[in-house]
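A short worksheet on the structure shown next.
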Amino acid sequence: MYAGAGVLLWAALTGYLAWPALPADGPWLRALALALASGAVATGLALAACAALLSAMPLGMPARGWPRLLPAFLALPHMAFALGVLLLISPSGMLVRFLFALLAPLQALLPWPLDAPPDWQSTQDPWGLGLVLVLVCKETPFLLWCALAQWQRPDLAQRWRREMALARTWGYSERRAWWRVVWPQLVPRLGGPLLAVAMYSVSVIDVAWIIGPGAPPTLAVLAWQWLQDTNPARRAQGLAAMAVLAACTAVLAVLACAAYQGWLRMGGRRHWSGGPAAMPPLAPQGRYVPHSPYSRALTWRPRLAYRTLAAVYLAVAAALAFSSVAGAWPFPAVWPQQWTLQAWQLVAGSSAALGTTLWLAFASALSALALAVALLEALPRRFHTALMGLALCALLVPALVWAWLLQTGALALGLEGSVTGLWLAHTLTVWPYLVLSLQAPYAGVDGRLAAVAASLGRSRWAFLWQVQLPLLRGALASAGAIGFAVSVAQFLPTLFVGGGRFSTVSTEALALSSGGQRSLVAAYALLQWVLPACAFALAWWLGRARRFALPALH
Amino acid sequence: MTDTSSVPPPVLQLQLRQLRAPSGLLLQDFALSLPAGAIHTVMGPSGSGKSSLLAALCGILEPGIVFAGQVWVDGMRVDAWPTQRRRVGLLLQDDLLFAHMTVRENLLFAVPSGPHASRAQAVLQALAEVELLPWADADPATLSGGQRARAALARALLAQPRVLLLDEPFSKLDAPLRQRMRALVWGAVRRRGLAAVLVTHDAADVADAQRLSTLG
């Protein structure tokens, strides 16, 4: 509570101090409103999609079928996804070309010509719809991944299965029982990730820059543009806008937590789920009530939600791959006039960016993994929640503010523009993700195993190397891949701490996104996806279950 | 003049002044002295401090539970020692075999030092004693409850403990298996000259009516 009040006070003070530096008649208030609205809508829709997808999954089961594709979805950086969507839905994009080719026989009946890109604001629309679309598609797999970490915990799965069975004896259908019993218990466990999604959506720069509204853009993009200006007055405005953004996100985070606590105190969860008073039996105990129309409706929705999501990702991947080898491609031709590998040759020629991306991602993922494991091992389990809170706080800081803090720290330590500074900046950026991804697997390891190992005369190190880490091998490999993917996707720490001396695949993609060669942009964006995808594939291979020999038959 | 040469020296001695949890006092002024082959049974309702007593002997007390007293194993005071030096074996209600290892590897974990051939030989011998040789390279998850319990016992004995602490180790087994496991454990304790402390709710588990404490 004190921490919340402190954050609120700090945020209010920062916002108050920064406010006068912003132009009174400028577009920043609309930019702030846009950021808040698009962030809120994207978070709500992502949560709804996550709920729809989860309701179709059996409790406690290891990932089978579509959940196994989640790492592939997560591996695609936001920026690459936004660029793919841009290639698809822009007025001269692939979807419009296909649509116009289908409509060509009806040209005489149509009021607009089909030989020029339509005057549609399908990207950079003033309402931020494109931005919301990208954020929903990107954040839904993240929320699902966080939910599955809870979902597959044996203790929780067992408890929820029992409660579901009890609800079934009261006459609730399986789906209905799921919504009344499991979902209300799962949502609070998703509070942290949900808050991180909301804060990220409000303060995202790359996606908003590529596909978000342009006049005005969201506040984060506006602040970033001002900070890059050579005029000192503009830079001061950028800092002020950044402070206001940080203040707003902090206030929102504290208010969201306070609202949730208040709701709990008023008995919200009891009212929503659980407890015989809140869940009146629908039928005499023991009598089975078949699926209600409500639950039947839910059986096709998850499939539809998943297929839609998978189709969007597939289309984005196809658009990136296709565009990266497309040569001259006048509108409204459905296919390019020529195919070329020129973009990939250029990418291969700029091996410095690729090399920097690779070593930086490897080094920061490994060091952040080591740091996360060291802290989780060194701290007693009762402090793991506090560690999670710390990691979550780091994720709640807007990306621009985080990069600025890293830059300030690097300047103070004399590390700006150095390899060490860049590595440290990426390690610190990656670390919170790894703590969050490892916390649930750590909680799932039976604490008594350490006692048994000690009673067998083995040291803590022996237990760590021979039992704990091998048991967590899959989770550690996944966390390493996540760290790698997060590092590959970073561009702000590279720009701010690297001092312009380093270029990575992400900084190149961003630089080219505003008017660069389409095939080159697509090639860099695809590379942004391929590198983490390789890391996830390696993680899957490293973390695969051990095959034991079958016992001899007797 | 009293002849003391026939009295075997105690393998386990406990002088407990206090065992205190955050919720209150669990146990006070409790003493044990167990010679080789002795099995002491501790019974009592849930929350009376039975498992905490075993945890205090083993050195694995939960944070917040305070033990005041002294523990000796083979005449050496061990209460300040870490668990791995106390030579105290532990068998719990769940077998807690390491899921990523085969049965053989689980047992090898308890024999860390020495030439590999002699370690492997010791493991094979232990597996043979509990009739698990055919399952040496099996996934522990594929074993039956009784087989898993026997594997856990073999692993605990391979570490050559002087004291065996048993926290309801038979409670999850069905009646015939329970009978068989009891015979196996009591036999091992007596044959190897160990001292054992058994926590149980089942009166049928009591091995020696002379050595029975009821807490709570």
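With the Cα gyration tensor of segment B:102-159 giving a ≥ b ≥ c as the square roots of its eigenvalues, does the rule (a/c under 1.5 for rounded; else a/b larger than b/c for prolate; else oblate) give rounded, prolate or oblate? Prolate, because a/c is 1.5 or more and a/b exceeds b/c. Over chain B, dividing the summed -39,500 (n - 2.57) contributions of all DSSP H runs of at least 4 residues by the number of residues returns a 222 nm mean residue ellipticity of -9000 deg cm²/dmol. Decide, for the protein assembly as shown, between rounded, prolate and oblate: order the square roots of the alpha carbon gyration tensor eigenvalues as a ≥ b ≥ c, take rounded if a/c falls under 1.5, and otherwise choose prolate if a/b is larger than b/c, else oblate. The shape class here is prolate.
How many partner chain Cβ atoms sit within 10 Å of a residue's Cβ in peptide B:158-167, on average, as a whole number? Spell out each step's value before the answer.
Working: counts 2, 5, 2, 3, 0, 1, 1, 1, 0, 1.
Partner Cβ neighbours, averaged per residue: 2.
Distance from a point 7 Å along Cα→Cβ of residue B:209 to each backbone N in segment B:35-58: keep the residues under 19 Å and list them by number. In segment B:35-58, the label zone of residue B:209 (backbone N under 19 Å from the point 7 Å along Cα→Cβ) covers B:38-44. Peptide B:52-58 has a mean shielding of 1, counted as Cβ atoms of other protein chains within 10 Å of each residue's Cβ.
Between residue B:133 and residue A:345, the distance separating the two model label sites (each 7 Å from Cα on the Cα→Cβ line) works out to 7.1 nm. Figure legend: label point modelled 7 angstrom from the Cα of residue A:446 along Cα→Cβ; residues of segment B:100-129 with amide N under 15 Å from it are B:100-103, B:106-107.
Computed over chain B, the P(r) tail beyond 22 angstrom holds 52 percent of alpha carbon pairs. Exposure proxy for A:266, B:101, A:79: other Cβ atoms within 10 Å of each Cβ, ordered fewest to most, give A:266, B:101, A:79. GNM remark for chain B: springs join alpha carbons under 10 Å apart, and the peak mean-square fluctuation among B:149, B:68, B:159 falls on B:68. Each of residue A:420 and residue A:328 was given a label point 7 Å from its Cα along the Cα-to-Cβ line. The distance between the two points is 5.4 nm. Given +1 at the Cβ of Lys and Arg, -1 at the Cβ of Asp and Glu and no other charges, the dipole of segment A:341-545 around its Cα centre is 500 debye to the nearest 20. Applying 0.36 nm per residue to the separation of residue A:304 and residue A:255 and subtracting their alpha-carbon distance, the gain on full extension is 14.2 nm. Simple spin-label estimate for residue A:549 and residue A:265 gives 6.3 nm between the two label positions (7 Å along the Cα-to-Cβ direction from each Cα). Here r is the Cβ-Cβ distance between residue B:105 and residue A:69 and R0 is 45 Å; the resulting FRET efficiency, rounded to 0.05, is 0.85. Put simply, the amide H of residue B:26, placed in the peptide plane, has neighbours under 5 Å in B:19, B:20, B:21, leaving out anything fewer than 5 places away on its chain.
Provide the net charge surrounding residue B:121, with neighbours chosen by a C-beta distance below 14 Å and charges set as Lys +1, Arg +1, Asp -1, Glu -1.
Numbers: positive: B:104, B:119; negative: B:129.
Once positives and negatives cancel, what remains is +1.
Apply 1/(1 + (r/R0)^6) to the Cβ-Cβ distance of residue B:183 and residue A:541, taking R0 = 35 Å, and write down the FRET efficiency to the nearest 0.05. About 0.15, to the nearest 0.05.
Taking every DSSP helix (H) stretch of at least 4 residues in chain A, weighting each as -39,500 (n - 2.57) and dividing the sum by the residue count yields a mean residue ellipticity at 222 nm of -22500 deg cm²/dmol. Charging the Cβ of each Asp and Glu at -1 and of each Lys and Arg at +1, and nothing else, the dipole of the protein assembly as shown about its Cα centre rounds to 1660 debye. Sparse packing (at most 14 other Cβ atoms within 10 Å of the Cβ) combined with a DSSP loop state is found for the following chymotrypsin sites (Phe, Trp or Tyr not before Pro) in segment A:122-194: A:127. Specify the inter-centroid distance of segment A:445-509 and segment B:99-114, based on alpha-carbon positions, in whole Å. Cα centroid of segment A:445-509 versus Cα centroid of segment B:99-114: 26 Å apart. For residue B:12, the amide hydrogen comes within under 5 Å of the amide hydrogens of B:34, B:74, counting only partners 5 or more places away or on other chains and with H modelled in the peptide plane. When the square roots of the Cα gyration tensor eigenvalues are ordered a ≥ b ≥ c, the ratio a/c for segment A:139-254 is 1.5 or more and a/b exceeds b/c, which makes its shape prolate. Taking amide H atoms as placed 1.01 Å from N in the peptide plane, the amide H of residue B:213 lies under 5 Å from those of B:41, B:42, B:43, each 5 or more residues away in sequence or on another chain.
For the peptide B:90-102, the mean number of other protein chain Cβ atoms found within 10 angstrom of a residue's Cβ is 5.
If a paramagnetic tag sat 7 Å from the Cα of residue B:15 along the Cα-Cβ line, which residues of segment B:71-89 would have the backbone N under 11 Å from that point? Residues B:71-72 fall inside that zone.
Pick out, in residue order, every one of the trypsin sites (Lys or Arg not before Pro) in segment A:497-554 that is DSSP loop and has at most 14 other C-beta atoms within 10 Å; say none if there are none. Please list the in-between numbers first.
On the way: sites: A:501, A:518, A:544, A:546, A:547; in loops: A:501, A:544, A:546, A:547.
Those that pass, being in a loop and sparsely packed, are A:501, A:544, A:546, A:547.
Relative contact order of chain B, taken over Cα pairs closer than 8 Å and 6 or more residues apart, is 30 percent.
Rounded to the nearest 0.05, what FRET efficiency do residue A:150 and residue A:517 have when you use their Cβ-Cβ distance and R0 = 25 Å? Walk me through the numbers on the way to the answer.
Numbers: r = 44 Å, r/R0 = 1.78.
Calculated value: 0.05.
Since every read-out is calculated from the coordinates, none of them should be taken as a lab result. For clarity, every value in this text was computed on a predicted model and none was experimentally measured. Virtual Cβ from ideal backbone geometry, glycine too; neighbours counted across all protein chains shown.
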